[in-house]
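Colleague: The structure's right below; bear with me while I get my questions together.
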Amino acid sequence: MIRLVEVTKTFGTGTSALNDVSLTIEKGEFVFLVGPSGSGKTTLLRLLIRDMLPTKGIITIGDWNLVELPNNKVPHLRKRIGVVFQDLKLLMDRTIYENIMLPLEMSEVDQNEAKQKVEQIVEQVGLSEHLHKFPVQLSGGELQRAAIARALVFSPEILLADEPTGNLDNTTSWEIVKLLNDINKAGTTVIMATHNLEVVSSLGKRTVTLEKGRVIKDAGKSIKQEDQEDKGKKEVHEKKDNKEIKDSKKGEKDADN
Ligand code: ADP
Ligand code: MG
């Protein structure tokens, strides 16, 4: 489960990108994250991979507290969470195969195992015939598939996709969303940031709407999730209260001494 409790992110520039956001996402959910440009979608995704820390609040993934996660655990976290960035970050001087293989090579996975994994994923995302082409030889939709494939090499529990249909026409957008939906059906939690409302409305999935860094709507969430969010807030406040009691006791003690 992914849990954000009263998360605020303020950048050094003074911009408040997220404001008191509380959200729980269950294992296996498909969630659209929508909202106008600048509403905080990318910031939220970046916080989930510990690309940066929140200014305030708590973020947990399973039993990992991301705020307290030691730096040496971050690479492990990034294997648990696959990401497709808005700019895809594919290397132009490498083939699609090499691009997808790269994270596996860097983590020293057994060569044969890596090869098998890449072949299986490429088949899954429908890129088998383009394996040995370079990025410039692929269409926008195919590049998106390649980036999704690369995000799946460690069989992550969670897949984050930032505006994966941003530059695509309607038909291609729909195909990408269908692929993400299939990946979700196979068990991966999927969070997709988008402002393509047509795609969002036709799929009928949970939709979290951000505006100026706040969640203004969360359509399709279950009562269970509401309970979880309340529980999360309660825990945080209890912790704070305990700390305050402790601190005040400490104060009394210090005064005694
Ligand atoms: P979205 O993805 O919904 O378009 P972002 O999360 O990228 O929104 O941005 C939210 C707000 O935070 C915007 O006002 C943006 O300008 C600001 N912002 C994002 N990243 C940074 C940064 N690294 N430094 C300063 N401000 C930022
Ligand atoms: Mg963005």
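The values are calculated or read from the model by the stated rules, or taken from the named source; none is laboratory data. The model shown is predicted, which means the values in this text are computed figures rather than measured ones. A quick note on method: Cβ atoms are made from the backbone with ideal geometry, for glycine too, and the neighbour counts reach across all protein chains shown.
Colleague: Checking the structure you have, find out if any residue of segment 183-203 is within 16 Å of ligand 2 (Cβ to nearest atom), surrounded by fewer than 21 Cβ atoms within 10 Å (Cβ to Cβ) and either aromatic (F, W, Y) or under 20 Å from L23 (Cα atoms) (or both).
Modeller: There is at least one residue in segment 183-203 that is within 16 Å of ligand 2 (Cβ to nearest atom), surrounded by fewer than 21 Cβ atoms within 10 Å (Cβ to Cβ) and either aromatic (F, W, Y) or under 20 Å from L23 (Cα atoms) (or both).
Colleague: Is it true that some residue in segment 57-71 is touching a helix residue (DSSP H, G or I) at 6+ places or on another chain (Cβ under 7 Å), of a type in the set (A, V, I, L, M, F, W, C), within 16 Å of ligand 2 (Cβ to nearest atom) and under 29 Å from H195 (Cβ atoms)?
Modeller: no
Colleague: Just wondering, is there one or more residues in segment 153-165 that are assigned to a strand (DSSP E or B), among the small types (G, A, S) and in contact with a strand residue (DSSP E or B) (Cβ under 6 Å, 6 or more places away or on another chain)?
Modeller: yes
Colleague: What tally of residues in segment 20-49 results from selecting those that are away from ligand 1 (no atom under 12 Å from the Cβ) and assigned to a loop (DSSP other than H, G, I, E, B)?
Modeller: The qualifying residues number 5.
Colleague: Out of the residues in segment 93-126 that are part of a loop (DSSP other than H, G, I, E, B) and of a type outside the set (D, E), which is farthest from P75 (Cα to Cα)?
Modeller: Filtering segment 93-126 for residues that are part of a loop (DSSP other than H, G, I, E, B) and of a type outside the set (D, E), the one farthest from P75 (Cα to Cα) comes out as G126.
Colleague: When the residues of segment 1-55 are filtered to those that are at negative phi and acidic (D, E), which remaining residue is nearest to ligand 2 (Cβ to nearest atom)?
Modeller: D51
Colleague: Could you figure out which of (1) more than 18 Å from the chain's Cα centre (by Cα); (2) in contact (Cβ under 8 Å) with a residue 60 or more places away in the chain; (3) outside any loop (DSSP other than H, G, I, E, B) isn't true of L90?
Modeller: (3)
Colleague: Tell me whether segment 45-67 contains one or more residues that are of a type in the set (K, R), in contact (Cβ under 8 Å) with a residue 40 or more places away in the chain and within 30 Å of G232 (Cα to Cα).
Modeller: Within segment 45-67, one or more residues are of a type in the set (K, R), in contact (Cβ under 8 Å) with a residue 40 or more places away in the chain and within 30 Å of G232 (Cα to Cα).
Colleague: What pairs can you find where one residue is in segment 185-200 and farther than 13 Å from P164 by Cβ, the other is in a helix (DSSP H, G or I) and within 14 Å of ligand 1 (Cβ to nearest atom), and their Cβ atoms are less than 6 Å apart, with a gap of 6+ or different chains?
Modeller: Taking only residues 6 or more apart or on different chains, not a single pair turns up.
Colleague: In the list D63, D93, which residue meets the criterion of being away from ligand 1 (no atom under 15 Å from the Cβ) and modelled with pLDDT under 95?
Modeller: That would be D63, the only listed residue that is away from ligand 1 (no atom under 15 Å from the Cβ) and modelled with pLDDT under 95.
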